[in-house]
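Okay, structure first, notes after.
The values are calculated or read from the model by the stated rules, or taken from the named source; none is laboratory data. For clarity, every value in this text was computed on a predicted model and none was experimentally measured. Glycine gets a Cβ as well: all are built from the backbone with ideal geometry, and neighbour counts include every protein chain shown.
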Amino acid sequence: MEKAKHVTWRLLAVGVCLLTVSSVARADSLDEQRSRYAQIKQAWDNRQMDVVEQMMPGLKDYPLYPYLEYRQITDDLMNQPAVTVTNFVRANPTLPPARTLQSRFVNELARREDWRGLLAFSPEKPGTTEAQCNYYYAKWNTGQSEEAWQGAKELWLTGKSQPNACDKLFSVWRASGKQDPLAYLERIRLAMKAGNTGLVTVLAGQMPADYQTIASAIISLANNPNTVLTFARTTGATDFTRQMAAVAFASVARQDAENARLMIPSLAQAQQLNEDQIQELRDIVAWRLMGNDVTDEQAKWRDDAIMRSQSTSLIERRVRMALGTGDRRGLNTWLARLPMEAKEKDEWRYWQADLLLGTRT
């Protein structure tokens with residue numbers, strides 16, 4: 001019995017030793033791999049490509065090896081076949097750089113003007129804007145015009161300046177006669193709202209010759225929003241001019257809320273605004289009159305404007321203002337103005353209950 005126990009303990013001891021030796025070997029191996037990885041990166045930075053090619057095969061089992069593969073592919077992307085990039089992306093779906101590689105290679109295929117190859121490589125719309133423009137341009141080049149125009153419209157409707165790769169797509173879309181003139185005006189409005197004066201100027205300058213009067217007015221307005229009243233009085237009242245005037249008015253209100261407040265009646269008359277459109281202007285100014293430095297007249301005007309408003313966020317802002325000043329009567333008034341859905345929020349249910357309990361004590 002004692003002999004059996006002795007043998008058992010010896011076997012356990014041997015097993016522990018073997019595990020320890022194995023762990024040490026693995027640690028040594030991992031340290032060695034880290035060292036080789038660092039050497040390869042250093043050699044790459046120094047353009048010692050013979051050293052890189054010699055050392056890389058020995059690191060295929062190292063967790064960071066895909067990053068070396070990625071660098072190998074992207075260093076010579078213009079000469080890579082699609083199959084190489086496809087295989088890498090499929091083999092490394094969670095690798096952060098691999099997520100952008102597909103879009104980069106779409107752009108490379110566009111540079112090669114390999115339109116069918118581009119669509120074969122990326123059957124679905126890629127991730128980045130530049131790649132999407134190249135993707136839809138490839139659609140047009142391969143006779144899939146309707147899909148190309150739909151994509152062009154989606155990419156067009158933004159206030160941001162788009163990558164140069166989009167110019168070709170927009171150009172053929174415009175030449176096809178399929179570009180809706182309203183979409184053109186809508187992008188000018190979006191650019192104006194985004195404060196992208198440069199884009200507004202470019203777009204207005206591209207308008208047809210018989211639109212030059214409105215184009216000049218738009219450029220002047222974009223460069224100086226304070227001329228909004230002049231713009232409103234000198235351009236015919238249309239949905240577009242009303243929208244442009246509202247965007248410029250918001251810019252004026254950010255700089256001088258009182259000037260904007262006094263401007264509303266004249267702006268409403270010049271652009272024939274309806275009550276909802278006038279209220280939109282009132283809301284813009286009311287947001288700017290929430291400080292402690294407003295006059296009694298401004299405060300009265302602000303509260304009157306908010307009382308008519310349908311903006312939940314603006315009314316909630318007024319509720320918080322009442323809370324901040326300890327105005328329980330005002331709190332009760334503005335909580336009552338909230339729509340039912342907003343009243344159900346935990347934050348407002350608490351204060352409604354608090355007010356109710358206060359009236360019972």
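Within region 239-293, being farther than 25 Å from E186 by Cβ, modelled with pLDDT of 95 or more and small (G, A, S) holds for A257, S266, A286. Note on region 72-109: among residues that are in a loop (DSSP other than H, G, I, E, B) and not β-branched (V, I, T), the one that is farthest from Q39 (Cα to Cα) is P81.
With the structure loaded, tell me whether G159 is outside any helix (DSSP H, G or I), within 23 Å of Q271 (Cβ to Cβ), at pLDDT 95 or above and not basic (K, R) or whether it fails that test. The answer is yes for G159. Restricting to region 198-223, what's the tally of residues that are surrounded by 14 or more Cβ atoms within 10 Å (Cβ to Cβ) and without any contact (Cβ under 8 Å) to a residue 12 or more places away in the chain? Final tally of qualifying residues: 4. I'm trying to understand the selection: among the residues of region 81-101, which are surrounded by 18 or more Cβ atoms within 10 Å (Cβ to Cβ) and under 19 Å from A165 (Cβ atoms)? V85, L101 - these are the residues of region 81-101 that are surrounded by 18 or more Cβ atoms within 10 Å (Cβ to Cβ) and under 19 Å from A165 (Cβ atoms). The lone criterion from (1) surrounded by 14 or more Cβ atoms within 10 Å (Cβ to Cβ); (2) touching a helix residue (DSSP H, G or I) at 6+ places or on another chain (Cβ under 7 Å) left unmet by Q144 is number (2).
Within region 292-309, residues that are in contact (Cβ under 8 Å) with a residue 12 or more places away in the chain have Cβ atoms under 9 Å from residues that are exposed (fewer than 13 other Cβ atoms within 10 Å of the Cβ) and among the acidic types (D, E) in these pairs: R308/E275, counting only partners at least 6 apart in sequence or on another chain. Selection of region 102-127 for residues being within 21 Å of S161 (Cβ to Cβ) and buried (at least 17 other Cβ atoms within 10 Å of the Cβ) yields S103, R104, V106, N107, A110, P126. Between E113, E146, E124, E69, the distinction of being part of a helix (DSSP H, G or I), acidic (D, E), over 20 Å from I40 (Cβ atoms) and without any contact (Cβ under 8 Å) to a residue 60 or more places away in the chain belongs to E146 only.
Report yes if some residue within region 132-139 is more than 30 Å from R189 (Cα to Cα), among the aliphatic types (A, V, I, L, M) and surrounded by 16 or more Cβ atoms within 10 Å (Cβ to Cβ); otherwise report no. Quick ask: steps written out before the conclusion?
First, the residues of region 132-139 that are more than 30 Å from R189 (Cα to Cα): none.
Within region 132-139, none of the residues are more than 30 Å from R189 (Cα to Cα), among the aliphatic types (A, V, I, L, M) and surrounded by 16 or more Cβ atoms within 10 Å (Cβ to Cβ).
When S161 is tested against (1) surrounded by 14 or more Cβ atoms within 10 Å (Cβ to Cβ); (2) farther than 22 Å from R116 by Cα, only condition (1) is not met.
Among the numbered conditions (1) of a type in the set (S, T, N, Q); (2) farther than 26 Å from A246 by Cα; (3) not in a helix (DSSP H, G or I), the only one that Q352 does not meet is (3). If you filter region 244-275 down to residues that are polar (S, T, N, Q) and under 30 Å from the mean Cα position of the chain (by Cα), you find that the one that is surrounded by the fewest Cβ atoms within 10 Å (Cβ to Cβ) is Q255.
Okay, residues lined up against (1) closer than 28 Å to M263 by Cα; (2) assigned to a loop (DSSP other than H, G, I, E, B); (3) of a type in the set (A, V, I, L, M); (4) in contact with a strand residue (DSSP E or B) (Cβ under 7 Å, 6 or more places away or on another chain):
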| position | (1), (2), (3), (4) |
| --- | --- |
| Q179 | no, yes, no, no |
| L190 | yes, no, yes, no |
| V200 | yes, no, yes, no |
| D210 | no, no, no, no |
| T213 | yes, no, no, no |
| R233 | yes, no, no, no |
| A237 | yes, yes, yes, no |
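The single residue among I264, I315 that is in a helix (DSSP H, G or I), under 27 Å from A342 (Cα atoms) and not charged (D, E, K, R) turns out to be I315. Screening L221 against (1) out of contact with any Leu (no Cβ under 7 Å at 6 or more places or on another chain); (2) within 30 Å of E316 (Cβ to Cβ); (3) hydrophobic (A, V, I, L, M, F, W, C) leaves a single unmet condition, (2). Within region 48-70, the presence of at least one residue that is charged (D, E, K, R), surrounded by 11 or more Cβ atoms within 10 Å (Cβ to Cβ), at pLDDT 75 or above and more than 30 Å from R116 (Cα to Cα) is confirmed.
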